[in-house]
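Below you'll find the structure, written out as structure tokens, and then a few comments.
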Amino acid sequence: MPELPEVETVRRGLEPVMTGARLTRVEQRRPDLRWPLPERFVERLTGAEILRLRRRSKYILADLSTGETLLIHLGMTGRMLIGQEVQGEFVHDPGLHPQHDHVVFHLARGERPARVTFNDVRRFGAMDLIAEGAEAQHWLLASLGPEPLGNGFDAQLLRETFAGRKAPVKALLLDQRIVCGLGNIYVCEALWRAGIAPARAAGRISRERLERLAQAVREVLVEAIEAGGSSLRDYRQASGELGYFQHAFAVYGREGEPCRREGCPGVVARMVQSGRSTFHCARCQT
């Protein structure tokens, strides 16, 4: 499933096409994605202007002139792709099957048309419409913790949250109620950068090491966004291009390969935590 850097990359790719554009037509090709689409979905969107695009955790939020906000979740295989216009006609991405195009947004900015297609093979993605002022109470957003790139995330937050906790630090970092947007890939990478073992009890990590961890989380996310995210299976940017951060992985997916920390003789190992693969170096992560 796309993590924060991938969703932010998609948002940034969509922004110049969608922000300030008017939804001239919306094609809803099925009644549901992961869950049923909102009632009168097409009617409520048609004619609305998209005032701005935001991201909350792993969700894209499009604020509309109608006083509602369109929530978009990519799920595991969902893609928001900008249509390519050739000689006045929009050409479908040859790498995707049109039968998986579930929602198509037709837009206009001035006199120039544009098209953004939501294609989702497994249909684990979702869309909803939220009334203005009700975002914080929406069932998908209400329990989310602070953004890891925002001012609310720092070592003090981790210290207060982890105090007395025996649970593995990796498990708590993946808890969206503690900090939102983090997933398996970037938690593995951040823990390696901070030199912290993923199985270490969260409440037994010193303040100094939590400072390093908070910094590592921020750094790895920023670098991943700059690289366009990580393309491992289905993820593509809004332009259809791949992300490139997977080429910079220090531990994720590198089982049996040498540790990339200078001077460390260790080898990347894999273990399973809560049903997920964890990659780490037992020599330099303690």
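The values are calculated or read from the model by the stated rules, or taken from the named source; none is laboratory data. On a predicted model such as this, the values are computed, not experimentally measured, just so you know. No Cβ is skipped: glycine too gets one built from the backbone with ideal geometry, and neighbour counts run over all protein chains shown.
The residues in the range 27-54 that are assigned to a strand (DSSP E or B) and either crowded, with 19+ Cβ neighbours inside 10 Å or at pLDDT below 95 (or both) can be counted, and the count is 2. Regarding residue 133, is this residue in a loop (DSSP other than H, G, I, E, B) and surrounded by fewer than 16 Cβ atoms within 10 Å (Cβ to Cβ)? Yes, satisfied.
How many of the residues in the range 55-82 are surrounded by 15 or more Cβ atoms within 10 Å (Cβ to Cβ) and outside any strand (DSSP E or B)?
Total satisfying the criteria: 7.
Looking across 197, 167, one residue alone is touching a strand residue (DSSP E or B) at 6+ places or on another chain (Cβ under 9 Å), among the hydrophobic types (A, V, I, L, M, F, W, C) and without any contact (Cβ under 8 Å) to a residue 40 or more places away in the chain. It is 167.
Identify the residue in the range 155-197 that is hydrophobic (A, V, I, L, M, F, W, C) and farther than 18 Å from residue 278 by Cα and, among all such residues, is surrounded by the most Cβ atoms within 10 Å (Cβ to Cβ). Don't jump to the end; show me each part of the working.
Of all residues in the range 155-197, those hydrophobic (A, V, I, L, M, F, W, C) come to 155, 157-158, 162-163, 167, 169, 171-174, 178-180, 182, 185, 187-188, 190-192, 194, 196-197.
Still in the list and also farther than 18 Å from residue 278 by Cα: 155, 157-158, 162-163, 178-180.
Working: 155: 17, 157: 17, 158: 24, 162: 20, 163: 9, 178: 20, 179: 26, 180: 21.
Taking the candidates together, the pick is 179.
When the range 5-26 is filtered for residues that are in a helix (DSSP H, G or I) and in contact with a strand residue (DSSP E or B) (Cβ under 8 Å, 6 or more places away or on another chain), the ones remaining, listed by number, are 7, 8, 10, 11, 13, 14, 15, 17, 18.
For the range 208-252, a residue qualifies if it is surrounded by 15 or more Cβ atoms within 10 Å (Cβ to Cβ), over 18 Å from residue 58 (Cα atoms) and at pLDDT 90 or above, and the qualifying residues are 209, 210, 211, 212, 213, 214, 215, 216, 249, 250, 251, 252.
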